[in-house]
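Okay, structure first, notes after.
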């Protein structure tokens, strides 16, 4: 049976507006960020008292920064949904990723805030590295997608594979950017086991999403993508 590459890798790559899904997705993600704000502003203590527990953030400065990370990610996500993303967004993807965002954003906040273990106060030198990774990763993802969007707007480029800008360094520089961003976000919790998150994310990109996307691109751009794939690193610039 022939597999439709447009629906491989857990997403539908057919073009379409799907405005209701995008709006629900963005508002659902915003609700998660606002829940993080509520937890930071006393909601965690209130919930603890309700359950007969003494819950509190050990490091409010670090916790506030982690809430800021969630807010930045929501802003980037909204830009992606309503401006950058041309493909359809289907309901299973919406609900699946909202559950993922809730687990990750609330989980990193509670972990970095010291609910499960003591964390050092801001700022350590490693926190500066973490913030740099967060910002660099965010830039790599959003800037590369924006470069491609602007290039695709030229009618002369319709039907052609974009290989310029940041995509000259990696076929999937946007995925690499998200991995770098989450590595910085995880480091900012000051809890070493949080680095499991970007490690698993990189494994999912390399082992699942990238092969499916490559199959789609090879079908969509049979005269251009194979040559691009032979001469450009797949994921990590200059390395892999």
_Residue check for residue 86: surrounded by fewer than 16 Cβ atoms within 10 Å (Cβ to Cβ), within 30 Å of residue 152 (Cα to Cα), outside the structural domain of residue 194 (by TED's automatic domain parsing) and at pLDDT below 95_ = yes
*Do you know which residues across the range 6-28 are farther than 15 Å from residue 91 by Cβ and part of a helix (DSSP H, G or I)?*
6
*Do we have any residue at all in the range 40-56 that's surrounded by 14 or more Cβ atoms within 10 Å (Cβ to Cβ), touching a helix residue (DSSP H, G or I) at 6+ places or on another chain (Cβ under 6 Å) and part of a helix (DSSP H, G or I)?*
yes
*Tell me, please, whether a residue that is at positive phi and not assigned by TED's automatic domain parsing to the domain that holds residue 137 can be found in the range 62-73.*
no
*Evaluate the range 231-240: report whether one residue or more is part of a helix (DSSP H, G or I) and closer than 17 Å to residue 144 by Cβ.*
no
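The values are calculated or read from the model by the stated rules, or taken from the named source; none is laboratory data. Predicted model only: the values in this text are computed from it and were never measured. Glycine also receives a Cβ, built like all others from the backbone with ideal geometry; neighbour counts cover every protein chain displayed.
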